[in-house]
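Undergrad: Structure in structure tokens, see below.
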């Protein structure tokens, strides 16, 4: 398993993607985010129950991430074709609808393995969330059980704390003093 410790270079990756409009296929690499912050979150499977709440939650706050020079990337072990179908399915029919960020396919499960969140016997990823700085250094890592969704607001708060450059006490919010 690759080293994925906070404070070290994030494991490199290359994955197939579909754009958030559910139209264009492409590829994404860690190096594509050089000079920007990357919020990369893994979810277990397309067409499930908790996952769309997280994905659409990140989508609703995308402008806040962009203001912080951050890009968002959703990842699962499903194919890019499954991602495309999910994006192109209406929300009232169990789909996502259009997104403002791509979904990546980790069908080989290599990236989930490298980031330490692969459930091998199921071939899916835990709910891992990683914040990678503009130099490719892993700055934040949190992993949830499959049944518990993550907080987009907490992700934004942590990103702002990392960018603030100071010591941020518990429950620190942007604009508050550092220690």
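Every read-out reported here was derived from the displayed coordinates using simple, explicitly stated rules and does not represent laboratory data. All of these numbers come straight from a predicted model, not from anything done at the bench. Heads up, the Cβs are rebuilt from the backbone with ideal geometry, glycines too, and the neighbour counts pull from every protein chain shown.
Undergrad: Which of these values of Rg and Dmax of the Cα atoms in Å was calculated from the structure shown: (1) 16.6, 55; (2) 17.9, 55; (3) 15.7, 48?
TA: (3)
Undergrad: Another question, if that's okay. Taking neighbour Cβ counts within 10 Å as the exposure measure, how do 153, 114 sort from fewest upward?
TA: By the 10 Å Cβ count, ascending, the order reads 153, 114.
Undergrad: Taking the chain as the reference, fit the longest principal axis to its C-alpha atoms, fit the long axis of helix 152-164 to the helix C-alpha atoms, and give the angle between the two in degrees, 0 to 90, nearest 10.
TA: 40
Undergrad: Which residue, 127, 139, 157, tops the fluctuation ranking in a GNM of the chain built on C-alpha contacts under 10 Å?
TA: Greatest mean-square fluctuation among the candidates belongs to 157.
Undergrad: Please report the antiparallel percentage of the DSSP beta bridges confined to the chain, to the nearest 5.
TA: Just about 70 percent of them are antiparallel.
Undergrad: Then there is this: Select from 41, 101, 58 the residue whose mean-square fluctuation is largest in a Gaussian network model of the chain (Cα-Cα springs shorter than 10 Å).
TA: Comparing 41, 101, 58 in the GNM, the peak value goes to 101.
Undergrad: Give, in whole angstrom and from largest to smallest, the semi-axes √(5λ) of the equivalent ellipsoid of the range 47-106, with λ running over the eigenvalues of the Cα gyration tensor. Before the final figure, lay out the partial values.
TA: Details: eigenvalues 77, 36, 17 Å².
Ellipsoid semi-axes (Å, largest first): 20, 13, 9.
Undergrad: Another question about this same structure. Going out from 0 in 10 Å bins, what whole percent of all Cα-Cα distances in the range 1-76 drops into each bin?
TA: Percent of pairs per bin, in order: 15, 46, 35, 4.
Undergrad: Further, regarding this structure: Would you compute, from DSSP H runs of 4+ residues alone, the mean residue ellipticity of the chain at 222 nm, taking -39500 (n - 2.57) per run and dividing by the full residue count, rounded to the nearest 500?
TA: -6500 deg cm²/dmol
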